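K.L.:
Once you've had a glance at the structure underneath, I'll fire off some questions.
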């Protein structure tokens, strides 16, 4: 950049922005064209012959005179967690580890015995599972697929059941090798895609992987049409089942996975609940002498509770979670990607197409010094297979002003295309370092007349596209236009009607740099929960009115949990820098709660910032009480020649400022009390109440 250039040097031209928009839209258009071209070659004689061969082998195995009985062991994990609909964030609620003894006897008698089970709750829950969430499938579901004792899916025809050709279409797509660790390492298979002839009827969508030569079902990966779901809260169910050849001739279960997701049937809230199970079956013993009364107890029996608790599991309760995290396996993830190629742009969720939309509790009610009391509501609408529209609006009673926002998304996750417009929306200055969740800020304002935001308002539009870069990385590119306006105090009095002070709810609302802000923003994020690492970097190049600017921020967190010992170690680092001409509302503010405890709130300012925080926690009384100690160190540098409003004349840290303290977390770490002290000049004691940070955006 040459210093003699015009002020527009940093701002991309209209041609550049137009080209970027085309580049963002192109992947979606190309994928749509590919899906149209792929709808061919269904129900060929060859593929129907493979389906009939698979059916014949399946029926022959059930009546094989050489196989009269078997016994096997199954080990599995079942996770219950909450996910965010617009990101890849997942919050564990409960973990179960299960050990089963599996029995089969000709001509088709089955039973399973629960011999080991242990669990742990990361958050309070009273969830109880259907039996088929804690057991395995021994017969590929038979001719009719039934889940959740009929409460989830009832009597969906199996894709190789007798007469299935009248219900399903089939397409041969590939010949490949499936790798299974044991007892056969590589199996040559044909992949056959399946879809219902009537997408509005109950049925499965997915793939069969049939062994070349025999037609044995090596893998079956599938989901269901919306009409299949009995429970109106079901978003989807995805299942992947692997078989392998045992004793050189018998195709029997080897590995099974399922993922079931629910949301509130009437309200589109921030996330949904997910049950995910992963089981492995091993140690087959063929034609054992089984007791005559073994099958009299029904399809499922259980060992005494004490025996289940004391079962000698071969792996730890959290071993799989530590190795793999809560990310779906490649087999489960492939089901989602495959559906669009099989059924095109058809919507496959069991949820209603239109619901109330509640992006957070504070979108319904909040309180702060720039709005007073705010009441809001929203609605969401399905626009196709993956497209959705979400709207929200409200009215600030004391400010006497309305707000409105509309988002259109091509994907329910963080990827894909997102377009949004908004009017008069509340924002918080401070460089992305919030002082409290909106809910805690509301309680603080109502009860103690303290407000931890520096509010201003924007109206604008945005177009953004996100890509998955493989593994745990994502890239998001966006172009936006915003009009910034300063807020004003609408709550005139402090506590008890006394005149407001700087520490009260009516501490002055700081003026911001007003005008039109046009910018391009790029964000790269990496999440590897199994390693406890989260990192994101955001670069922004923009122009407010005729003043160009640029900024870069980077955040990383490393977390290590030793669950068996109840110990957690965490370290977080934030770095930020912006040009001297950056709008004042985008500068970095440090001091006080959640940044540098023990110093006046947001008393340090700068266009350069570094903040390090470390913490160690130890459970004292699980899950109710956990003690922790923490330390923080921060720095701001400020090179601006002046600020437009005297109220912004904060100061830099003038070197490194540090804090230390201790605290207690209560009830699954949901509530937190910190007592910290600033260790340098100007530092003092500070008591901070907060809720678990992962739920801030929900609140």
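K.L.:
Somewhere in the stretch 303-315, is a residue surrounded by 15 or more Cβ atoms within 10 Å (Cβ to Cβ), in the same structural domain as residue 108 (by TED's automatic domain parsing) and on the phi > 0 side of the Ramachandran plot?
P.N.:
no
K.L.:
With respect to the numbered conditions (1) touching a residue at least 24 places away in the same chain (Cβ under 8 Å); (2) within 21 Å of residue 84 (Cα to Cα), which one is the sole condition not fulfilled by residue 456?
P.N.:
Condition not satisfied by residue 456: (2).
K.L.:
For residues in the stretch 328-344 being in contact with a helix residue (DSSP H, G or I) (Cβ under 7 Å, 6 or more places away or on another chain) and surrounded by fewer than 18 Cβ atoms within 10 Å (Cβ to Cβ), which is modelled with the highest pLDDT?
P.N.:
Filtering first and then ranking leaves 341.
K.L.:
Sticking with this one: With the structure loaded, tell me whether residue 655 is outside the structural domain of residue 81 (by TED's automatic domain parsing), at pLDDT below 95, out of contact with any helix residue (DSSP H, G or I) (no Cβ under 7 Å at 6 or more places or on another chain) and surrounded by fewer than 18 Cβ atoms within 10 Å (Cβ to Cβ) or whether it fails that test.
P.N.:
Spelling it out, residue 655 is indeed outside the structural domain of residue 81 (by TED's automatic domain parsing), at pLDDT below 95, out of contact with any helix residue (DSSP H, G or I) (no Cβ under 7 Å at 6 or more places or on another chain) and surrounded by fewer than 18 Cβ atoms within 10 Å (Cβ to Cβ).
K.L.:
Right, next: Does residue 548 satisfy the condition of being touching a helix residue (DSSP H, G or I) at 6+ places or on another chain (Cβ under 7 Å) and either buried (at least 19 other Cβ atoms within 10 Å of the Cβ) or not assigned by TED's automatic domain parsing to the domain that holds residue 680 (or both)?
P.N.:
Judged against the criteria, residue 548 is a match.
K.L.:
Answer yes or no as to whether residue 100 is modelled with pLDDT of 95 or more and over 22 Å from residue 223 (Cβ atoms).
P.N.:
The answer is yes for residue 100.
K.L.:
Please go through the stretch 123-164 and pick out each residue that is touching a residue at least 24 places away in the same chain (Cβ under 8 Å), under 30 Å from residue 314 (Cβ atoms) and surrounded by fewer than 18 Cβ atoms within 10 Å (Cβ to Cβ).
P.N.:
124, 125, 127, 129, 131, 139
K.L.:
Within the stretch 123-169, track down each residue that is over 18 Å from residue 229 (Cα atoms) and part of a helix (DSSP H, G or I).
P.N.:
164, 165, 166, listed by residue number.
K.L.:
For residues that are more than 14 Å from residue 137 (Cβ to Cβ) and surrounded by fewer than 21 Cβ atoms within 10 Å (Cβ to Cβ), scanning just the stretch 247-260, find the one that is modelled with the highest pLDDT.
P.N.:
Top of the filtered list is 250.
K.L.:
Oh, and also: May I ask you to list the residues in the stretch 223-247 that are over 21 Å from the mean Cα position of the chain (by Cα) and either not in a loop (DSSP other than H, G, I, E, B) or not assigned by TED's automatic domain parsing to the domain that holds residue 284 (or both)?
P.N.:
Of everything in the stretch 223-247, those that are over 21 Å from the mean Cα position of the chain (by Cα) and either not in a loop (DSSP other than H, G, I, E, B) or not assigned by TED's automatic domain parsing to the domain that holds residue 284 (or both) turn out to be 224, 226, 227, 228, 229, 241, 242, 243, 244, 245, 246.
The values are calculated or read from the model by the stated rules, or taken from the named source; none is laboratory data. Here the structure is a predicted model, which is why all the values come from computation and not from measurement. Note that each Cβ is placed from the backbone with ideal geometry, even for glycine, and that neighbours are counted across all protein chains shown.
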